[in-house]
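Inspection log for the structure reproduced underneath, given as structure tokens.
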Amino acid sequence: MAVRDRQGNLRGRAGDKINRVLGGKNIVQAIPDEVNQTEATKKCSGEWGLVSTTGKVIRKAMSYICDFYDSDITNRLTAVVKKSITASDKKILHRDLHDGDTDVFAGFQFNIKSPVDRALKVKPEVSVDENYRVSFFLPAFSGKQDVVYPKFPSQLRCSISVHITAFNLRKDYFIRLERRNADVRITENEPLEWYFSPLIPEGGIVFVCLSLAYFTDDNKSGRRYVNGKDWCPATILTAFHAGPGNTDEASSGALDKEALNGYMGNELIRNFLLVEEEDETEVQQGVEMIIYS
């Protein structure tokens, strides 16, 4: 019900109108009709929530690989997660990243201002065998000609790292499985050929990433890293589903699993399935009433 204040202005609701005071003037606005979401709209909204929370926890977990993301990483990573999940043949909110296409993550840059293929002029090769062993190969290269350095007052050095990380969203954890790195020589560098045999639990989604770290190094202050928001190269080389994994339950339990704090995907799917089950029960009861009436 609208009321008149001491200045004679009407405030509050009157019928399908609402009275406000703005700049000393009485403003009358129509109250918008309630929006009735269709079932399809609700599903799309729920899946968007699933996509968003998935991108968020991946971004947080991968911060140990890339210290400085670009300002648009949220939108870029969310778009890739959506592409992965929607590639599944399963119905909306009956699917998550474990059902998705992991190939779409290959080549994703954690900082678009400094893509790895611009910072490193030789192309790395990576492969995964049937037992989820990872092979990494980087051809011989020159530290001076094939590595791009950011502008800095003193001479910079560089190190190259490969990181392997596994996620199990359905069990709310991720694992930093293995990491290997090598300092780059200013002159010629021999090929890098690394092999990884990580223990991967059942259901893991595995990301193999490459990053470059830049630093100064002197006898007084030691090594000091200088990566920043404008230059922090890091990329996903490949990603894959580990299926049954390659380790037993006892060994899996001994791995250092870190919680995916803030992941809401399991709750979103669980709540949707409960509502769907209730709706199906109501429909079935209605059919039975018609049959037996």
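Only the coordinates and a few stated rules stand behind these numbers; no lab work does. Keep in mind that what you see is a predicted model, and the values were worked out from it rather than measured. Cβ coordinates were reconstructed from backbone atoms using ideal geometry, including for glycine residues, and neighbour counts include every protein chain displayed.
The angle between the Cα long axis of helix 265-292 and the longest principal axis of the Cα atoms of the chain comes to about 40 degrees, rounded to the nearest 10.
Summing Lys and Arg as +1 and Asp and Glu as -1 over all other residues whose Cβ lies under 14 Å from the Cβ of D172 gives a net charge of +3. Here each label is just a point 7 Å from Cα along the line to Cβ, and for A254 and R118 those points are 4.5 nm apart. Which entries in K90/K123; K121/K171; K42/K257; K91/K171; K151/K257; K60/K123 show an alpha-carbon gap greater than 31 Å? Checking Cα-Cα distances, K90/K123; K121/K171; K42/K257; K151/K257 exceed 31 Å. Extension gain for R270-W194 works out to 23.2 nm (0.36 nm per residue, less the C-alpha to C-alpha distance).
Mark the label point 7 Å from the Cα of R185 along Cα→Cβ and return the residues of segment 143-163 whose backbone N is within less than 11 Å of it. Label zone hits: 143. Any idea what angle helix 39-61 forms with the longest principal axis of the chain, computed on alpha-carbon atoms, 0 to 90 degrees, nearest 10? Once rounded, the angle reads 30 degrees. Here the gap between D217 and T41, fully extended at 0.36 nm per residue and compared with their Cα-Cα distance, gives a gain of 57.7 nm.
Ranked for footprinting exposure by Cβ neighbours inside 10 Å, fewest first, D256, D99 give D256, D99. Taking Cα atoms only, the orientation of helix 73-86 departs from the longest principal axis of the chain by about 80 degrees. Note on Cα extents along the principal axes in Å: of the candidates (i) 82, 49, 39; (ii) 63, 40, 35; (iii) 80, 65, 30, the value calculated from this structure sits at (iii).
Assuming a ≥ b ≥ c are the square roots of the Cα gyration tensor eigenvalues, decide whether segment 101-174 counts as rounded (a/c under 1.5), prolate (otherwise, with a/b larger than b/c) or oblate.
prolate
Calculated [222 nm] ellipticity per residue, helices only, for the chain: -8000 deg cm²/dmol; basis is -39500 (n - 2.57) per DSSP H run with n ≥ 4, divided by all residues, nearest 500. When only Cα pairs below 8 angstrom with a gap of at least 6 residues are kept, the chain shows a relative contact order of 19 percent. As a proxy for reagent exposure, ranking F167, F272 by other Cβ atoms within 10 Å from fewest up yields F272, F167.
What does the charge count near D146 come to, summing +1 for each Lys or Arg and -1 for each Asp or Glu among other residues with Cβ under 12 Å from its Cβ? With Lys, Arg at +1 and Asp, Glu at -1, the net is +3.
Can you tally the net charge around N189? Count Lys and Arg as +1, Asp and Glu as -1, for every other residue whose Cβ sits under 14 Å from the Cβ of N189.
Details: positive: K121, K144, R157, R185; negative: D146, D183, E188, E190, E193.
Local charge sum for N189: -1.
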